[in-house]
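Below is one structure, written out as structure tokens; comments come after it.
The values are calculated or read from the model by the stated rules, or taken from the named source; none is laboratory data. Just so it is clear, the model here is predicted, and its values are computed rather than measured. Positions of Cβ are generated from backbone atoms using ideal geometry, with glycine treated the same way; all protein chains shown enter the neighbour counts.
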Amino acid sequence: MKVNLTDNKELYNFCEPYIIAELGANHNGDMELAKKLILEAKKAGAHCVKFQSWSKDSIFSKVKYEENCFIGDDYRQRDDYTLEKIVEEFSISETELIEMKKICDEIKIDFASTPFSKKEADFLVDTLNAPFIKVASMNLTNYPFLDYLAHKNKTLVISTGLSELYEIDKAVKTIEATGNKNIIILHCVAIYPPKDEEVNLNNIESLQKLYPNYPIGFSDHTLGIAISLASVSSAFVLF
């Protein structure tokens with residue numbers, strides 16, 4: 001089955017790879033660095049750059065901020081640099097997303113982002129007209145959120161890094177129930193970074209057999225490019 005990821009890009013299993021450069025929060029809240037990353041991604045041949053749309057209010061609960069243990073013991077004992085401050089520094093505002101989207105349009109590279117709330121999804125679709133919505137592994141079992149995203153009538157690219165097969169199946173059925181059949185499923189290992197032997201690229205073929213109607217891609221967290229290159233024989237979407 002073919003899925004329209006963008007207005008001019010149709011994807012299917014074993015087609016020419018579509019490469020997405022995951023910028024995420026690697027700009028460290030510095031928009032000048034974000035601009036440089038976009039330009040480098042374009043220079044390297046990526047088809048798309050992807051950010052993450054989250055804020056202090058959407059990424060963690062109040063309890064997590066009170067526990068203040070997301071980064072680890074080095075920060076747990078500090079009062080001057082907390083999880084809440086880290087999130088505030090690394091998040092990207094709506095105004096900044098508009099600016100990044102404009103840069104992408106100017107140099108002709110696709111722009112996308114991962115929303116973590118309904119408000120962020122609305123902004124991506126209604127204001128930025130993002131060509132697709134990326135669903136993070138952590139939200140694959142957030143079925144009400146998946147239902148909401150599916151109703152935006154955009155292609156959903158879903159990562160499966162934290163899910164069992166029955167959870168993936170429920171996610172796919174949740175999306176399908178809305179009438180949205182534009183789904184791309186990514187094999188993903190939620191380790192940062194995983195060892196090469198932990199990646200199990202054979203799972204791409206397994207997902208292809210389980211979901212023959214949907215394209216299967218690969219979301220890579222390994223160091224270097226070897227595993228991404230190895231995945232090309234099976235996958236077409238590379239993060």
Odd one out for K50, checked against (1) at pLDDT 95 or above; (2) farther than 19 Å from I185 by Cα; (3) crowded, with 18+ Cβ neighbours inside 10 Å
(2)
Scanning the stretch 53-64 for residues that are under 16 Å from the mean Cα position of the chain (by Cα) and assigned to a helix (DSSP H, G or I), the one surrounded by the fewest Cβ atoms within 10 Å (Cβ to Cβ) turns out to be S58
Of K209, K170, which residue is in contact (Cβ under 8 Å) with a residue 24 or more places away in the chain, surrounded by fewer than 23 Cβ atoms within 10 Å (Cβ to Cβ) and over 27 Å from A44 (Cα atoms)?
K170
Some residue of the stretch 5-19 being more than 24 Å from C188 (Cα to Cα), assigned by TED's automatic domain parsing to the domain that holds F145 and without any contact (Cβ under 8 Å) to a residue 60 or more places away in the chain
yes
For Q208, all conditions in the list (1) in contact with a strand residue (DSSP E or B) (Cβ under 8 Å, 6 or more places away or on another chain); (2) assigned to a loop (DSSP other than H, G, I, E, B) hold save one; what is the number of the exception?
(2)
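For S234, are the conditions met, namely being in the same structural domain as N26 (by TED's automatic domain parsing), at pLDDT 90 or above and of a type in the set (G, A, S)? Lay out the reasoning, then the answer.
Details: in the same structural domain as N26 (by TED's automatic domain parsing): yes; at pLDDT 90 or above: no; of a type in the set (G, A, S): yes.
No; evaluated as a whole, the condition is false for this residue.
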Which count do you get for residues in the stretch 24-47 that are in contact with a helix residue (DSSP H, G or I) (Cβ under 7 Å, 6 or more places away or on another chain) and either free of Cβ contacts under 8 Å to residues at least 24 places away in the same chain or surrounded by 21 or more Cβ atoms within 10 Å (Cβ to Cβ) (or both)?
3
